[in-house]
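The values are calculated or read from the model by the stated rules, or taken from the named source; none is laboratory data. All of these numbers come straight from a predicted model, not from anything done at the bench. Cβ atoms come from the backbone with ideal geometry, glycine included; neighbour counts cover every protein chain shown.
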Amino acid sequence: MTLLSTTRRATAVIASLGAAALLTLSTQSVTHAAGARDSDRDGMPNTWEIRHHLDPHRANASGDPDHDGLRNLGEFRHGTRPHDSDTDGDGEDDGDEVHDGCASTDPTDSDTDDDGVEDGQEDADGDGIDNADDGDDDNCQGDESGDDSGSGSGDGFTVTYVLR
Ligand SMILES: [Ca+2]
Ligand SMILES: [Ca+2]
Ligand SMILES: [Ca+2]
Ligand SMILES: [Ca+2]
């Protein structure tokens, strides 16, 4: 009798331990699922969207509210802020840091190469114009004209004028 009841008690203890373990497991998986939930299936988790004041129920992966050339999904993937055009404050927009051809820098590190010069002050293509002021498309290719205003006109004239 005593042995039987002890066995039963042990079984009950093991069973409750198992239940507790299962409960812990399911709680964790629920928590994990909630953290990764993406109601609008736009690739950006609800938690991230809410934290960054985006609508988690509207697919807005291609939005660019801070006009930095980096879409919301890209901001999520690069760990940048979708409402801050220059997340690391180095003078170069997030989009420029990510897209600048061979000169891509870390949009969350103000001095990617740790040389004491902020990314925006670097001159990746050696054209005399720092990354922050260089054109979005032509950084890393060099600006012969030295004009990155994007006007497209008068570049040659400007250089000629300066030289004379
Ligand atoms: Ca989402
Ligand atoms: Ca953006
Ligand atoms: Ca930056
Ligand atoms: Ca940077």
Query raised in the report: So which of GLY43, GLY95, GLY89 ends up being within 30 Å of ALA124 (Cα to Cα) and away from ligand 2 (no atom under 12 Å from the Cβ)?
Result: GLY89
Query raised in the report: PHE76 is checked against (1) at pLDDT below 95; (2) closer than 30 Å to GLY43 by Cα and fails just one. What number does that condition carry?
Result: (1)
Report summary line: Within the range 65-112, the residues that are within 16 Å of ligand 1 (Cβ to nearest atom) and free of Cβ contacts under 8 Å to residues at least 12 places away in the same chain are ARG71, ARG77
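Scan the range 85-98 for residues that are surrounded by 17 or more Cβ atoms within 10 Å (Cβ to Cβ) and either out of contact with any Gly (no Cβ under 7 Å at 6 or more places or on another chain) or more than 14 Å from ASP109 (Cα to Cα) (or both) and jot them down.
Taking the range 85-98 first, the residues surrounded by 17 or more Cβ atoms within 10 Å (Cβ to Cβ) are 85-88, 90-98.
Those that are surrounded by 17 or more Cβ atoms within 10 Å (Cβ to Cβ) and either out of contact with any Gly (no Cβ under 7 Å at 6 or more places or on another chain) or more than 14 Å from ASP109 (Cα to Cα) (or both): SER85, ASP86, THR87, ASP88, ASP94, GLU97.
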Query raised in the report: Considering only helices (runs of 4 or more DSSP H) fully contained in the range 34-101, which possess at least 2 residues that are more than 16 Å from ligand 4 (Cβ to nearest atom) and closer than 30 Å to ALA132 by Cα?
Result: 46-51, 72-78
Report task. Quick one: count up the residues across the range 106-121 that are more than 9 Å from ligand 4 (Cβ to nearest atom) and assigned to a loop (DSSP other than H, G, I, E, B). Result -> 5
